[in-house]
Structure formats: structure tokens, C-alpha cells
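Student: Sharing a structure below in C-alpha cells format, with a few things to ask.
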Amino acid sequence: MANVQISSKTRYVLVAEKIESMIMKGEWLPGQRLPTLEELAARFLVSRAVVREACSVLVGAGLIEIRHGDGIYVKSFSLDSFLRPIHAAILLAASDARALLEVGMWLEGGIVEQATQRRRRQDCDFLSETLFMMEASREDAGRMTECERQFHVTLSECAGNEVAANLLRILYQPLTGVMNLLLMDETFRDEMITLHRALYDSIVVQDGESAKRYIQLYRRRAVDAMRNVK
């Protein structure tokens, strides 16, 4: 099969959709093992990290399962699989953006202290790299939004709760355009970077209370900024 070029926009979602389509067309059957992450990355011309995140979405949608030490397998179909679309979040109206931001605040407020205690050195390194990219992308709202999403999804993964991580991925889908709009404001961009730097520093020293405070300050700031959007 020829390699497939994937657009740079929300790559992991597009990869997940492509894999879902191939499963639905019968190219991969229930119980069949999928190609490895490396092979899928080469096929879709993306990184292994993008494929891994796409697979996490498909696991959450009930289409595949990851058997550690064995591989990725197509799950047996059920009615529930067809009732849980990958893009479940797009069913939410844009007018609910503030409510979604508040849900994110509640969700992350409940897991950030645990994530702070469980984070590993490699997690801190990845968060640091993502923060650096966020700071370097000040003039690119789309790139900053992607860095912000990756930072928070990684933070949820540090807590060891894949359900929470998948919930955040779903929440971020309808919020992408909203965040791009908010990041057009220079003041909000500066505050976003400052609060994420403080959040990162709290994670490094494993200060869960401070980390929770900074993440809630950031989410409240985003909610307040939304009130000023016409």
C-alpha cells in the first residue's frame, strides 16, 4: 500500500480517522494485529508519537486494544463502538466553550497533584521541551495551541490515568479554534506562558499544591478571556 501524506493539522486525529476507515472497510479484521507503530508511522508519514496518540484515541473509542508485549489488535465490533465517534466533541456547540474550559479546570485540578508526585524525569524533559516550543511560537497561535494541548495531555498521562488523558483529548477538539482566537491577544499569550512556566517549575519540585493553584489560575484566566470574546 502506498504511503499516505497526512495534513499537519491535528495529525493524530487524522491518523485515527484513517485507521478507523481502514478497519471499517475490512482491511484489518477483528482479532487481527495491526502493523507496528514504526510501520504505521512510515505509512502515514508522521512520527511514532503521533501514531501512539492516534491509537490512544482509538482505544478510547473501543476500536482497538493494545496487548503489551504483543502488539495492537482490532477489537470485536459492538453497537457501542459505532455510538462513540472519534470526534464526539464536535457535537458540542461553540457557545459552550466557557463550560468546556471549566470542565478542563475541574478535571485537571483533580489529577495534577497526583501527576506531580508520579512524574518521571523523562516526563519533565518532555514538558520542558513543549514549554520551550510554546515560548518559541509566540507569533503562531496554531502552534501555541498545539503545544498547550500537548503539555496538558502529557500532564494527565503522568497521573497514570488514561481515561483522564482521553477526556482531555476529546475536550480539546472543539476548543482548538477558541484557543487560537484567545491567543491573538498579546496579554493572554504572555500570561499563558508565565503560568505554564510556574506550573512546570512546581511539577519539577513536586509541589502539588502550587501546581494545582497555577493550573486553576490559568483555566480561570481563559474562562475570563472568553467572556470578552464577541
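Student: What Kirkwood radius, in Å to one decimal, follows from the Cα pairs of the range 11-82?
Tutor: Computed over Cα pairs of the range 11-82, the Kirkwood hydrodynamic radius comes out at 12.0 Å.
Student: Which of Lys212, Lys25, Lys18 comes first, and how do the rest follow, when ranked by fewest Cβ neighbours within 10 Å?
Tutor: Fewest to most other Cβ atoms nearby, the residues stand as Lys25, Lys18, Lys212.
Student: Within 10 Å of each candidate Cβ there may be at most 16 other Cβ atoms; applying that plus a DSSP loop requirement, which chymotrypsin sites (Phe, Trp or Tyr not before Pro) in the range 113-204 survive?
Tutor: Listed in order of number, the matching sites amount to none.
Student: Tally Lys and Arg at +1 and Asp and Glu at -1 over the other residues with C-beta under 14 Å from the C-beta of Gly208: what net charge comes out?
Tutor: -1
Student: Report, ordered by chain and residue number, the aspartates and glutamates lying within cross-link reach of Lys18, taken as a straight Cα distance under 13 Å and ignoring same-chain residues fewer than 8 apart.
Tutor: By straight Cα distance, Lys18 reaches Glu27.
Student: Mind jotting down the distance between the C-alpha centroids of the range 10-77 and the range 98-134, whole Å?
Tutor: With the range 98-134 and the range 10-77 each reduced to a Cα centre, they are spaced 25 Å.
Student: OK, next. Can you spot the aspartates and glutamates whose alpha carbon is less than 12 Å from Lys75's alpha carbon? Ignore those fewer than 8 places along the same chain.
Tutor: Filter leaves Glu20, Glu65.
Student: Further, regarding this structure: If every alpha-carbon in the range 91-227 counts as one equal scatterer, what log10 I(q)/I(0) does Debye give at q = 0.16, 0.18, 0.19, 0.21 1/Å?
Tutor: Log10 I(q)/I(0), no solvent term: -0.75, -0.98, -1.10, -1.37.
Student: If you average over every viewing direction, what projected area does the convex hull of the Cα atoms of the range 94-169 give, in nm²?
Tutor: Seen from a random direction, the Cα hull of the range 94-169 projects 5.3 nm² on average.
Student: Under 5 Å between amide H atoms, partner at least 5 residues away or on a different chain: which partners does Ile64 have, H built in plane at 1.01 Å?
Tutor: Residues meeting the amide H criterion: Val59, Lys75.
Student: Any aspartates and glutamates with Cα under 14 Å of the Lys25 Cα? List them, leaving off those in the same chain fewer than 8 positions away.
Tutor: Once the sequence-local aspartates and glutamates are set aside, what remains near Lys25 is Glu17.
Student: Additional query: Please list 3J(HN,Hα) in residue order for the range 212-226, calculated via the Karplus relation 6.51 cos²θ - 1.76 cosθ + 1.60 where θ = phi - 60°; whole Hz, with x for glycine and proline.
Tutor: Per-residue couplings from phi come out as 5, 5, 5, 5, 6, 4, 5, 5, 5, 5, 5, 4, 4, 5, 5 Hz.
Each reported figure results from applying straightforward, stated rules to the coordinates on display, with no laboratory input. Nothing here was measured: the structure is a model prediction, and the numbers come from that model. Using ideal geometry, Cβ is built from the backbone for each residue, glycine included, and neighbour counts are taken over all protein chains shown.
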